[in-house]
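Contents: one structure, followed by commentary.
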Amino acid sequence: MLTASQETAATIARNWQRVQANVLEAVVQAGRQTNDVTIVGVAKYVDADLTAQLVQAGCLNIGENRPQNLWLKADDFEQRQLPVHWHLIGHLQRNKAKRVSPYLACLHSLDSLRLALALIEAAAELGRRLPVLVEVNVTQDNSKTGLQANEVRRLFEEIQHQPNLEIRGLMAMASRDSGGDMARAEFASVRELRDELQQRFPHLKLNQLSMGMSGDYREAILEGATLIRIGSHLFEGIL
Ligand SMILES: *Cc1c(COP(=O)(O)O)cnc(C)c1O
């Protein structure tokens, strides 16, 4: 990783412009509205200084996959007076729910009832509603994170009426090494599950689908992604 300099700031700003243009093109090709899709800049590869350069370039939604890194950067950014919407996209252990909750614009990785209960308690103490996405595993690979579709349905049954959780939709990752067609089919199954859940739980607003990364965001956008999580394409020339 390079250390932050005027040069890295210029590289990151260029990457941000290019990623935005490519995403816009994919959104238009998919016949969707240009403001349907939000880019979450995944900053897990870089330190706070380089993350700040991405924010200064205009990327206001930042994703981290480790809760500790999220709260350390969030505290740091408060000092810098850089306003950021923080997204936690990786696994959250129950014992960190309380520590990270104050910072979260959205948790993408709700994956158990036990975690949901810890978040409800933390959110209640903060007097807030916590936006969450339930992480679904659409791959055949059991080592991957996220719940199977049946477990997702059960979790929705259990938490659908919790006032401190705002369930906004689903998050998923495609199989590693899936080609474009396979990723697209997996993303389509996430959308279909969301549509089914929306029918079964009409009082929820399941508008969000967090799917697609640097390698497969086009397929995800074709299948209805509203949040795409882009990391490596934003830090080309830096890492
Ligand atoms: C790292 C990560 C991303 C970003 O992946 P890139 O291929 O670098 O764009 C997206 N989602 C999750 C959950 C990640 O851990």
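Each reported figure results from applying straightforward, stated rules to the coordinates on display, with no laboratory input. Everything numeric in this text was worked out from a predicted model, so none of it was measured. When we count neighbours, we look across all protein chains shown, and the Cβ atoms used for this are built from the backbone with ideal geometry, even at glycine.
Dividing the convex hull volume of the alpha carbon atoms of region 125-225 by its residue count, what do you get in Å³ per residue?
Values: hull volume 10.9 nm³, N = 101.
That works out to 108 Å³ per residue.
Please report, in debye to the nearest 20, how large the charge dipole of region 112-200 is about its Cα centre when each Lys and Arg carries +1 at its beta carbon and each Asp and Glu carries -1 there.
On the way: 12 positive and 14 negative charges, 32 e Å.
Approximately 160 debye in magnitude.
Can you return the aspartates and glutamates within cross-link range of Lys73? Criterion is Cα-Cα under 12 Å, with same-chain partners fewer than 8 residues away left out.
Of all the aspartates and glutamates, those that pass the test against Lys73 - Cα under 12 Å, at least 8 places apart if same chain - are Asp47, Asp49, Glu64.
Between Glu166 and Arg94, what is the FRET efficiency for a Förster distance of 25 Å, r being their Cβ-Cβ separation, to the nearest 0.05? Please report the intermediate quantities before stating the final value.
Values: r = 19 Å, r/R0 = 0.77.
It comes out at approximately 0.85.
Apply the Karplus curve 6.51 cos²θ - 1.76 cosθ + 1.60, θ = phi - 60°, to the phi angles in region 224-238 and return the couplings in whole Hz, x for Gly and Pro.
These are the phi-based 3J(HN,Hα) values: x, 4, 10, 10, 10, 10, 10, x, 4, 5, 7, 10, 4, x, 10 Hz.
In the chain, what is the volume of the convex hull around the alpha carbon atoms, normalised per residue and reported in Å³?
So the per-residue hull volume is 123 Å³.
Explain nothing, just the number: dipole magnitude of the chain about its Cα centre with +1 on each Lys and Arg Cβ and -1 on each Asp and Glu Cβ, in debye rounded to the nearest 20.
On the way: 26 positive and 28 negative charges, 83 e Å.
I would put it at about 400 debye.
Among Leu50, Pro131, Met171, flag the residue with its Cα farthest along the positive direction of the charge dipole of the chain, charges on Cβ as +1 for Lys/Arg and -1 for Asp/Glu.
My answer, from the dipole projection, is Pro131.
Can you give me the convex hull volume of the Cα atoms of region 1-106, divided per residue and expressed in Å³?
Values: hull volume 11.5 nm³, N = 106.
Cα convex hull per residue, to the nearest whole number: 109 Å³.
Based on Cβ point charges of +1 for Lys and Arg and -1 for Asp and Glu, what charge dipole magnitude is obtained for region 1-138 about its Cα centre, in debye rounded to the nearest 20? If you can, show how the numbers build up before the last one.
Numbers: 14 positive and 13 negative charges, 54 e Å.
For region 1-138, the charge dipole is close to 260 debye.
Return the calculated 222 nm mean residue ellipticity for the chain, to the nearest 500 deg cm²/dmol, obtained by summing -39500 (n - 2.57) across DSSP H runs with n ≥ 4 and dividing by the residue count.
Details: 8 runs with 104 residues, N = 239.
Taking each H run of at least 4 residues, the total per residue is -14000 deg cm²/dmol.
Sorted from largest to smallest, which semi-axis lengths in Å does the alpha carbon gyration tensor of region 1-47 give for its equivalent ellipsoid, taking the root of 5 times each eigenvalue? Can you show the working numbers first?
On the way: eigenvalues 145, 27, 9 Å².
Equivalent ellipsoid of region 1-47: 27, 12, 7 Å, largest first.
Could you work out the Kirkwood radius for region 62-112, taking every pair of different alpha carbons, averaging 1/r and inverting it, reported in Å? Please list the in-between numbers first.
Values: mean 1/r = 0.0917 Å⁻¹.
After inverting the mean inverse Cα-Cα distance, the result is 10.9 Å.
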